[in-house]
Amino acid sequence: MEVKDLKPAIVWQIFDEITKVPRPSCHEEQIRKFLLDFAKAHGLEAKTDKVGNVVMKKAATPGHENAPVVVLQAHMDMVAEKNNNVKHDFLKDPIETYVDGDWVKAKGTTLGADNGIGIAGALAALTDDKLEHGPLEALFTVNEEIGLEGAQNLGEGMIEGKILINLDSEDDGEIFVGCAGGIDTTALFHYNRSVSPEHFHYMKISVSGLLGGHSGSDINLGRANANKLVARFLFDCSRKYDICMSEFNGGNLRNAIPREASAVFGINHEIKAKVRSQLDNYIKQILKEYEGIEPSIVIELSDAERPDFCMDSDTTGRLIKAIYSAPHGVYSMSRDIPGLVETSTNLAAVKMQDDNTIKVTTSQRSSVESRKDDMAGQVEAHFLLAGAEVSHSDGYPGWAPNMNSTIMKLSAEAYEELFGVKPAIKAIHAGLECGLFLAKNPDLDMVSFGPTMTGVHSPDEQLNIPTVEKFWRHLGLTLKKVAGL
């Protein structure tokens, strides 16, 4: 069975079309054109703002013209992650989807259900004449995955509705009414090039096969960080032997736990057997430490050609120590909501750049604004001590729960009526655009819900098929209840 043949057809057929449109963050031109063409084909009013956000409008079902305007909101971009052995150009190639039992998956890449299924749900609601609803607006934002830039810069007057349903959640049976705020902290190391020693033997250590995942919703699962595993081994080596390093690369995106990393380094010829033995012991340690958590972890040490240059020894030492000791993971748990991570940090990426610099990207999240700033400050202090230049992004605010929310009550009632169980009302340790919308319009009443997804922000991303139908029915009844206000 193909994705387009799944039920409800109106949602899956649109989602299938979306998977064929390249849309990595910062490259939403093709999906924007798809949306505008979709609006034109279905006679929907559409407009864009200067940053490229798109809003569509649909009139109310006859008899519900005076109902509150509801905004359905999703983001256009997707996380572009693939396995190293997969050839895929995210700027040109469609996502190769397939059905595996109750799940839709992609072949070696992210699926883009985050947030393609949200787009599909909103477009289906705009075109399904069987739905009963008041006036609808659909807001599709750009660059959500790299700092919520579309929401940060939403044009004035783009939306009129005072009720907003964010379609960017990943757990059926859960309605979200709050989220963490976030900020990115970047450290820049400058190095000098030196001739790689002729008498050294060069090797490449590689870590792969990690689960990775979303740096917000998965940060509490204790998964391994590929950058830190590589740095840990190099630090152990540097305590015993003289080493030089020509390359360190790992991770890709600020909001993904790094799954893969590697480094090229050199050691004296006489000790290469000792280093290989040291790695064998290291692998045994790591496999034991992450037993039951990382089932497919791979750590390899291979011979490498003598590189053209190595980094100066001072920067090499500072970089290895900084990555090894950098904070990563959960910092504190919420005292208000059991099981909710309050504050965390993600050591996301280490990248060699062409201008003799190494860029280290991290991201901090917290549902408490002062804790978010504190965590960013601790990361800054850490890398300043390591001699790096440090900068921060503008950040984005959290979304404080409103337990008196009308749309929360209506959407909860709808879910219980349909499926016979009360949905869980939760906050999430991830960045949703709702906090930014609320900052611009304090009168907005918002919730977030969606079908079940796992492995988001990694090639393991998958979308649960039965919950998509539940999501669609839940959205339809919620809109009907709002139309009755």
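Looking at (1) more than 28 Å from Leu211 (Cα to Cα); (2) of a type in the set (S, T, N, Q); (3) not in a helix (DSSP H, G or I), find the lone condition where Thr315 falls short.
It fails just one condition, (3).
With the requirement that a residue be basic (Lys, Arg) and more than 28 Å from Arg193 (Cβ to Cβ), what does segment 255-273 give you?
Arg259
Might you check whether a residue that is part of a helix (DSSP H, G or I), in contact with a Pro (Cβ under 7 Å, 6 or more places away or on another chain) and under 16 Å from Val350 (Cβ atoms) occurs anywhere in segment 247-263?
no
Looking only at segment 282-300, decide whether some residue is under 30 Å from Leu385 (Cβ atoms), modelled with pLDDT of 95 or more, open to solvent by less than 40 Å² (accessible area, probe 1.4 Å) and in a strand (DSSP E or B).
Within segment 282-300, one or more residues are under 30 Å from Leu385 (Cβ atoms), modelled with pLDDT of 95 or more, open to solvent by less than 40 Å² (accessible area, probe 1.4 Å) and in a strand (DSSP E or B).
Could you tell me whether Glu45 is closer than 28 Å to Asn464 by Cβ and open to solvent by 50 Å² or more (accessible area, probe 1.4 Å)?
No; evaluated as a whole, the condition is false for this residue.
Please specify each residue of segment 323-339 satisfying the condition of being assigned to a strand (DSSP E or B) and open to solvent by 80 Å² or more (accessible area, probe 1.4 Å).
Tyr331, Met333
Do we have Ser344 as open to solvent by 40 Å² or more (accessible area, probe 1.4 Å), in contact with a strand residue (DSSP E or B) (Cβ under 7 Å, 6 or more places away or on another chain), among the polar types (S, T, N, Q) and not in a helix (DSSP H, G or I) here?
Spelling it out, it is not the case that Ser344 is open to solvent by 40 Å² or more (accessible area, probe 1.4 Å), in contact with a strand residue (DSSP E or B) (Cβ under 7 Å, 6 or more places away or on another chain), among the polar types (S, T, N, Q) and not in a helix (DSSP H, G or I).
Scan segment 169-179 and tell me whether some residue there is in contact with a strand residue (DSSP E or B) (Cβ under 7 Å, 6 or more places away or on another chain), among the small types (Gly, Ala, Ser), crowded, with 23+ Cβ neighbours inside 10 Å and not in a loop (DSSP other than H, G, I, E, B).
Within segment 169-179 (the criterion being in contact with a strand residue (DSSP E or B) (Cβ under 7 Å, 6 or more places away or on another chain), among the small types (Gly, Ala, Ser), crowded, with 23+ Cβ neighbours inside 10 Å and not in a loop (DSSP other than H, G, I, E, B)), the answer is yes, since at least one residue qualifies.
Being assigned to a strand (DSSP E or B), open to solvent by 10 Å² or more (accessible area, probe 1.4 Å) and at pLDDT 95 or above is the filter; apply it to segment 184-195 and report the residue that is nearest to Met453 (Cα to Cα).
Filtering segment 184-195 for residues that are assigned to a strand (DSSP E or B), open to solvent by 10 Å² or more (accessible area, probe 1.4 Å) and at pLDDT 95 or above, the one nearest to Met453 (Cα to Cα) comes out as Asp184.
Name the single residue, out of those in segment 81-94 being at pLDDT 95 or above and hydrophobic (A, V, I, L, M, F, W, C), that is least open to solvent (accessible area, probe 1.4 Å).
Phe90
So for segment 271-281 (the condition being crowded, with 19+ Cβ neighbours inside 10 Å, of a type in the set (A, V, I, L, M, F, W, C) and touching a Ser or Thr at 6+ places or on another chain (Cβ under 7 Å)), does at least one residue qualify?
No, segment 271-281 contains no residue that is crowded, with 19+ Cβ neighbours inside 10 Å, of a type in the set (A, V, I, L, M, F, W, C) and touching a Ser or Thr at 6+ places or on another chain (Cβ under 7 Å).
Under the condition of being assigned to a strand (DSSP E or B) and not hydrophobic (A, V, I, L, M, F, W, C), which residue from segment 374-395 is least open to solvent (accessible area, probe 1.4 Å)?
For segment 374-395, the residue satisfying everything is Ser391.
Within the group Lys204, Lys162, Lys240, which residue is within 30 Å of Val368 (Cβ to Cβ), among the basic types (Lys, Arg) and open to solvent by 20 Å² or more (accessible area, probe 1.4 Å)?
Criteria check complete, one pass: Lys162.
Can you name the number of the only condition in (1) more than 20 Å from Ile119 (Cβ to Cβ); (2) open to solvent by less than 60 Å² (accessible area, probe 1.4 Å); (3) part of a helix (DSSP H, G or I) that Phe437 fails?
Only one criterion in (1) more than 20 Å from Ile119 (Cβ to Cβ); (2) open to solvent by less than 60 Å² (accessible area, probe 1.4 Å); (3) part of a helix (DSSP H, G or I) is unmet by Phe437, namely (1).
Yes/no matrix, rows are residues, columns are (1) surrounded by fewer than 23 Cβ atoms within 10 Å (Cβ to Cβ); (2) of a type in the set (A, V, I, L, M, F, W, C); (3) touching a residue at least 12 places away in the same chain (Cβ under 8 Å):
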residue	(1), (2), (3)
Pro397	yes, no, yes
Met403	yes, yes, yes
Ser411	no, no, yes
Gly420	yes, no, no
Gly450	no, no, yes
His474	no, no, yes
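The values are calculated or read from the model by the stated rules, or taken from the named source; none is laboratory data. Predicted model only: the values in this text are computed from it and were never measured. Here the Cβ is made from the backbone with ideal geometry for all residues, glycine too, and neighbour counts use every protein chain on show. The accessibility values were calculated without ligands, DNA or RNA, using every heavy atom of the protein model including side chains. Shrake-Rupley method; radii C 1.70, N 1.55, O 1.52, S 1.80 Å.
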